[in-house]
Structure formats: structure tokens, C-alpha cells
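Let me begin by presenting the structure, written as C-alpha cells, before commenting on it.
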Amino acid sequence: MSTPHIVRALQLPLQKFIHTEETGAIVLLLAAAAALGLANSPWSDQYVDFWHTKLSMDIHIFALTEDLGHLVNDGLMAVFFFVVGLEIKRELVHGELSTFRRAALPVAAAIGGMAIPALIYLSFNPSGDGAAGWGIPMATDIAFALGVLALLGSRLPSELRVFLLGLAVFDDLGAIAVIAVFYADAISWLDLGLGVSTFAVMALCVRLGFRNQVLYIVLSYVMWQFFLQSGVHATLAGVLAAALVPSGPGVDRVKYADSVELLLREFRIAVAEGRLDEAEAITEEIETLSRRTEGPIERLEGTIHPWVSFLVLPVFALANAGIVFTSETLSAAASSSVTLGIAAGLLAGKVVGILGFTWLAVRLGVSALPSAVSWRHVLGVAALCGMGFTVSLFVSAIAFDHASLVDEAKIGVFGASLVAGAAGYAILRFASAKAPTSSG
């Protein structure tokens, strides 16, 4: 296969991913607006009671009793992190981040974009109950960030979207590590050991070549249940399951091209001789071969990612974005070190961290800005990364035990995300009217 064809083959999953994220951002925004509307409507009590509805399941081996809100956060979000894990593995194995030179710039940006916001937050909350929220401003909501980029269309260089996606990949990886390590409850070592053992069994099945999807679904559920009972956040099970998905295609692309050429010749002969049943069988064989050229990661991500964007995340927003806005809650948030720390972390911390660490990586010669990307573009992306909606809300829910702190955190996330989106759009719109500057 020629180089241009290989490049197009690698770009297609990226384009599909971006399109799904951009469209999903609209659905996510509508779901968040609906949650806010319901929480501040005459049906506010019913809205709250609905998410506290208890659900129980007993299949003899495991018993599960959770309220609906926790089931969304512990269960559906495990599916979200499974897709995140697929995205991370795809980019690291054969995507835009598969070489050190390509990965260095977004890695540096992501490190700065996580570390500086956390430090700024801790400067507002050095101790007390609020100190546990330092992980909240570390996150970036890639769906909303890509949605803002989509508003600017072709004005922006495609390399900027790749940089943002790369940054988001490592941002997600950092968020996963923080949640797993720092937001675990009291550890049940027996359940944790059983969860890790289940992961080892899954890895062995992959190694031995078992391809029964039902087997992996059952084992993934068992692993999730053990992690849920262990005190380590259950969403880690989704990431670990994604790490086991094979990345290589089932059919070599060069051999695929040779096989398809042979089958097409047979197809033409069959059609010319009127053997239509045989011609149809050949087209089915070509279709099967074509599917096998797509690696399991791309196939799974293509199947599950739309469900995550259009169902899982909107349901999460409906369950978590509802805040009752009263003069008391707004007054408390305005003077809350939690709210101010989150807002400062997302707005100032992301800009300083991403811009500063990106400049440092370029200055040290570790990497270079793409030729079409200017420092104004990097500043705009850094501002956009202050939109921390989904994972920031998720961390808020598990960081604090007091409902008042959770509400203050949510207000900080909402306010900062709105300002960050508007600021990022304005900066990038201005940057798009200017010629790209040198990356040196």
C-alpha cells in the first residue's frame, strides 16, 4: 500500500472520532441544560429522588445494591473510561503519538495542564475538607473543546486539532491515574487481588487467542464488580479492559490488496458469465476481508464511542449537573475557596501550565510546534482546556462527602468552563486572522 493510502487509513479513525466528539458536545450541553432546568423547576424534588432510587441485583456470586446516581458514576462511566482507554492505546500504538518526537509536545502540555491547576487549587485550599478537590481542575473536557474548534471550521490548521487530541489523551491518562491512586476508599485487598487476578485471566485469554466476545464481557463485569468492592474506583476496570484489546489488524493490508485484486477479477468474470450468486458471494468475502483490515481497537471504538457520546455522557450530565441556584448557594460559592480554587485552576492554571510547558519543550529542543501552528493557537487551545466539565464533575462527586462542597465545586466548574470556552473561541478566532508565526 502506498504512503498516501497509509496516511489516509490512519487519519480516518481520527476524523470519525473528532466528528463524534463535536456532535456529542451538543447533546452533552443539552443534557446539562436539562439537568439545571429540572433542578430549578417545580419538579426539583422528584429529580433528586429519581437519582436516589435504589437498584438491587443478586446473581448468587455477586450482590449489587446501588442508587441510580452511583450506578451511573460507577457503572456507565466505566464504559466511558473503556473508550478513553481504547483511544489512548490507539494513539500510542499507531496513531499521532506513536513516536517520541510526536508525543513530546502534547505530553509536556498535558503535564503542565495538570500540575499547575492542581497547585493553584491547593494554594486556595491547603488543608481542611476542601483540600481533597485538587484533582478537579486537572481535567479537560475534549468534547466541548472540539465543539468550540468546530465553530471555527477550516480557519484553523488541522495540526491544531491533532495537538489538542494528543494533549487530551495524556490528560485523560493522568486523570485515570489520579482517580485510581488518590481517590480510592479504604482498600479491600482481597477484592483488589481478585480483580487483578481476573485481569490476568483476561490477559491470558487474549494471549491464547480466544475471540469469544461474551467471555470478555463477562470477565470485564466480574473485574468491575471486584474493583467496585475493593475501594479502588470501579472505572479503572474499563481502562484495564481496554488495555487488553489487540491493536493490530487481522489481515495485513498489503496481502489484503492482493487478495481483493484477485477477488475483483473473479467477480468480473462471474458477472460477465451470469453467475450472480457466485458474484454476490465474492462481494461478501471482500466485505469480510475489509472488516478484518480494521484493528479490534478501531472497530470497538467505532461501535461503542457513539453510544458513549450520545447516551453515557448525557445520562451522566443529567445525573450530576443539576444544581439548585439560590441566592444562598451563589453567595456561598462566591466566597468559597473550593469554587475560587477550581475557577482559578481551570482558567489561569491551564493557560499557564499548557503554554509554559509547551514553550519549555520547544525551547529545550525536545519538540517543535507544527509549521502551521502559532503561539496564538497554543494560547487559544490552552484557554479551551479550561473547559473541564465531564471528568471535573466526576472527580467532584468522589472527592467530597459534603453536598455543599460538591455544589460549590460544580458551580466553579460550570462558571470556569463557560468563560474558558468563550475566551478560547475569541483567541482562536483572532489567531485565525493572523499568519502563523515561526515555531522557533
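The values are calculated or read from the model by the stated rules, or taken from the named source; none is laboratory data. On a predicted model such as this, the values are computed, not experimentally measured, just so you know. FYI the Cβ positions are ideal-geometry reconstructions off the backbone, even for glycines, and counts take in every protein chain you see. Only protein heavy atoms, including side chains, enter the accessible area calculation; ligands, DNA and RNA are left aside. Shrake-Rupley method; radii C 1.70, N 1.55, O 1.52, S 1.80 Å.
Odds and ends about this structure:
- Evaluation of L360 against (1) in contact (Cβ under 8 Å) with a residue 24 or more places away in the chain; (2) of a type in the set (A, V, I, L, M); (3) more than 22 Å from V107 (Cα to Cα); (4) surrounded by fewer than 20 Cβ atoms within 10 Å (Cβ to Cβ) (one fails), failing number: (3)
- Some residue of the stretch 60-82 being closer than 22 Å to A382 by Cα, assigned to a helix (DSSP H, G or I), touching a Ser or Thr at 6+ places or on another chain (Cβ under 9 Å) and open to solvent by 10 Å² or more (accessible area, probe 1.4 Å): no
- Top-ranked residue in the stretch 83-108 [being over 29 Å from L219 (Cα atoms), in a helix (DSSP H, G or I) and of a type in the set (A, V, I, L, M); ranked as modelled with the lowest pLDDT]: A103
- No other residue among L30, L10, L36, L71 is modelled with pLDDT under 80 and either out of contact with any helix residue (DSSP H, G or I) (no Cβ under 6 Å at 6 or more places or on another chain) or acidic (D, E) (or both) apart from L10.
- The single residue among I120, I116, I142 that is open to solvent by 10 Å² or more (accessible area, probe 1.4 Å), over 21 Å from V366 (Cβ atoms) and modelled with pLDDT of 85 or more turns out to be I120.
- Within the stretch 85-107, the only residue that satisfies the criterion of being hydrophobic (A, V, I, L, M, F, W, C), under 16 Å from L164 (Cα atoms) and surrounded by 24 or more Cβ atoms within 10 Å (Cβ to Cβ) is L105.
- With respect to being of a type in the set (F, W, Y) and at pLDDT 85 or above, F325 falls outside the description.
- Just one of the listed residues (L393, L418) is among the aliphatic types (A, V, I, L, M), without any contact (Cβ under 8 Å) to a residue 12 or more places away in the chain and either within 20 Å of A25 (Cβ to Cβ) or buried (at least 21 other Cβ atoms within 10 Å of the Cβ) (or both), namely L418.
- Answer residue from the stretch 273-306, given it is open to solvent by 90 Å² or more (accessible area, probe 1.4 Å) and at pLDDT 75 or above and is nearest to G209 (Cα to Cα) among those: R299
- The set of residues in the stretch 112-162 being in contact with a Cys (Cβ under 6 Å, 6 or more places away or on another chain) and farther than 17 Å from A409 by Cβ consists of G113 alone.
- Enumeration of residues in the stretch 36-48 that are more than 29 Å from the chain's Cα centre (by Cα) and in a helix (DSSP H, G or I): S44, D45, Q46
- Filter pass, S56 being under 20 Å from the mean Cα position of the chain (by Cα), free of Cβ contacts under 8 Å to residues at least 40 places away in the same chain and not in a helix (DSSP H, G or I): no
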